[in-house]
Amino acid sequence: MRHLPPRPGRFVGREGALATLREILAPGGGARLCVVAGSGGVGKTTLALEWAHRSVKEFPDGCLHAEMRGFNPTAAPLAAGEALYDFLVALDVAPDRMPHTVTARAALFRALTEDRRLLVVLDDVRCTEQALPLLPSGPGCATLITSRRRLDTLVVRHAGRPLLLGPMSHEDARKLLDACAGFSRTGAEPAAADELVRYCARLPLAVAVIGNRVVSSPQMPLHELLERVRDGGNRLDMLSSGLPEIGVDLRTVFRASIEELSAQAREAFCLLSLCPGSHIDLQAAGALLNRSPRQAAELLAELTANTLLSEVGSGRYRFHDLLGEFARELAAEVMTTGELEAAHLRLLRWTLHAVCGASTLIAPRPLRDFFPAQPTPWSTGGPTDRRGAARWLATRQHSLVATSELALRCGQYDVAWRIPVAMTTWFYVRKNWSLWLLSLRVGALAARRAGSRTGLAQVRAASGLAHLDLRRYRQARKQLTRAAAEFQQLGEYWQLGTVLVPLGDLYLRTGRPAQALHTFESARRAYERTDDHWGAAWALSALGRVLMATGSPGKAIDVLQRAMGFWRKSGYTRGEADAMMQLGQAQLAVGSTRDAQRFMDKADSVFQSLGDSFRHAQTLVWIGRLRDGAGDTAGASEAWRTALKVFEGLDAPEAAECSRLLGSR
């Protein structure tokens, strides 16, 4: 008895999923159950049938298969009673002995399978209730279910195992395209073939559709087809066969997945597509949906259970690329312009609050003019401590820049320039220069469109700091001097101090120590006018650097000790460690190598605990010099090699100095 549809003609890859099915459904240990869940078009049916055909010999009493039509766009779901009728007939139950109720049929089915070794394949199941009566009872039986829902109740109550199926790997998706289009075509233009796979977002159904386009256009080179589909506009249009009745129209496949969602979850599906970047935060979702975190979590759980979203981390979710496009298209179709604009505004306001809160935790420094909107019930839920803030910014920095770009497109210019300015401390610590400069270009454009003098000056100040870090001194001076002049005219002395310190550093680095000293003193006075301990510590640390450069290490030690006190008052551990590193350099200059080593070691320990790899590497350079001076050349080389590896990983200009030091060995 073998009631399986034909074996898939073009099955490639999925070796990991096949191995998992073998493990879950292997004979022994009672009736086995596996639910393969995944979004429409991901290849669940193909996987199930391939495994069933490979494993048929392990089930000598046969295989039963039912197409349950759970998400079929053209036919009603198959009732459990109808499927049981077919199964019982296959098990030699005469029609005149067929029970009339579903309950009786299910009981007879369990009785007939008690002593059999049977495989049951239930494809495209809609819900637990549809599948439950069809489960065999024998310890030699196995049940393989596919569904667009996770069917958690079935898995939990009946000792099942889930297998969540996602898009194929690029390698497997490329093999599928080779099989669908013919290797003679794809092998001749491998680069174009790889791009077509990426265009399909590695979704098997989409790859099959594009493969059919290749076969249907035998005279068209692959690169020309690639240009045509890219220029065709809507990707869902380009990846549609135009024949919804045969189940390869992506919109039809996706629409069937959302029809049975609750009204609130359907709205959430649309609104979540407005979130920029590749991931969706639970708290950001709350803002978009205008719901509390608990209510948002419930809606996200419903979408995840229906495999319309994937959870990729604690409180973080993402759409498959093509599902996200469908969701955005649906949002534009069913929601008003006013509803979409309101959702965007809620998201932008929440993001601004969260970024500013995280930045304050990274560097506990008062933020001025950053909160133009009043807090709301969903303006909570961001990071609550420094480590959490660092993790939050690290995992979301690209999405945050994308949110700034979204604010620019939405005309929310005051939000668009404030986000990159608030992220300056993060970027300065982590040295992601390319993303930093991109964010600042967005900020500058937004500040100009907003007509905000202080906004543009703040963006210029941050841009000058970034160029200074990259040793682009001409660009840094241009940005910093223009920002300083603007803050001076506006009478914003706190902001003026934030510009004068990096400007003084620029003068120091370009051989103008007297001008640097004057500028640092001006910064210190500006901060004193605003009673800012953080700023005073920053300015004093800078004064320590210039005193060292001008040959006054003794005076530098006094100033840096005062700086450490102010850093401690402000609660900024990293600033205190910076002062320790400088004190180590000053102690080395006065010949106190023991104190120099002590300060360097303390600073390095703090930088490592903070995950500040750049400062860790900077400290290692000085530790290497200490070791070299003590005759420990091997230890010095080890420290410099470690620092070089860090600098090279960050693409930092300091790598050249490390290479020079190592070359002098």
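Overview of values
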item	result
Rounded to 10°, Cα long-axis angle of helix 386-409 versus longest principal axis of the chain	80 degrees
Compactness index (Cα Rg / 2.2 N^0.38 Å), segment 1-132	1.07
Mean Cβ neighbour count within 10 Å, used as a protection proxy, ranking 196-208, 44-56 highest first	196-208, 44-56
Cα long-axis angle, helix 80-90 against the chain (0 to 90 degrees, to the nearest 10)	50 degrees
Residues VAL499, VAL421 arranged by fewest to most Cβ contacts within 10 Å	VAL421, VAL499
Sorted peptide list for 390-398, 629-637, 582-590, criterion being average Cβ within 10 angstrom, highest first	582-590, 390-398, 629-637
Net +/- balance of residues flanking LEU21 in space, Cβ distance below 13 Å, scoring K and R +1, D and E -1	+2
For segment 1-80 and segment 447-510, distance of Cα centres in Å	63 Å
Positive minus negative residues near LEU261 (Lys, Arg vs Asp, Glu; Cβ under 10 Å)	-3
Dipole axis of the chain (+1 Lys, Arg; -1 Asp, Glu on Cβ), positive-most option in ALA579, ALA332, PRO95	ALA579
Largest to smallest principal axis extent of the C-alpha atoms in the chain, angstrom	106, 61, 54
Radius 13 Å from Cβ of ALA462, net charge of other residues (Lys, Arg +1; Asp, Glu -1)	+3
Coarse-grained scattering of segment 612-665 at q = 0.14, 0.16, 0.22, 0.31 Å⁻¹, given as base-10 log I(q)/I(0) from a Debye sum over alpha-carbon atoms	-0.29, -0.37, -0.69, -1.22
Rounded FRET efficiency, nearest 0.05, which uses the C-beta distance separating GLU657 from THR481 and R0 of 30 Å	0.65
Dipole of the chain, positive end: most advanced residue of GLN397, THR143, GLN515 [Cβ charges, Cα centre]	GLN515
Nearest 10 degrees, 0 to 90: helix 533-549 Cα axis against the chain principal axis	60 degrees
Check: the chain dipole with +1 on Lys, Arg Cβ and -1 on Asp, Glu Cβ, in debye	2120 debye
Listed pairs LYS44/LYS175; LYS431/LYS602; LYS569/LYS602; LYS175/LYS645 exceeding 28 Å between Cα atoms	LYS175/LYS645
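Any read-out appearing in this document is the output of simple, stated calculations on the displayed coordinates, not a laboratory observation. Only a predicted model underlies this, so the values are computations on that prediction, with no experimental measurement involved. Every residue, glycine among them, receives a Cβ derived from its backbone with ideal geometry; neighbour counts consider all protein chains shown.
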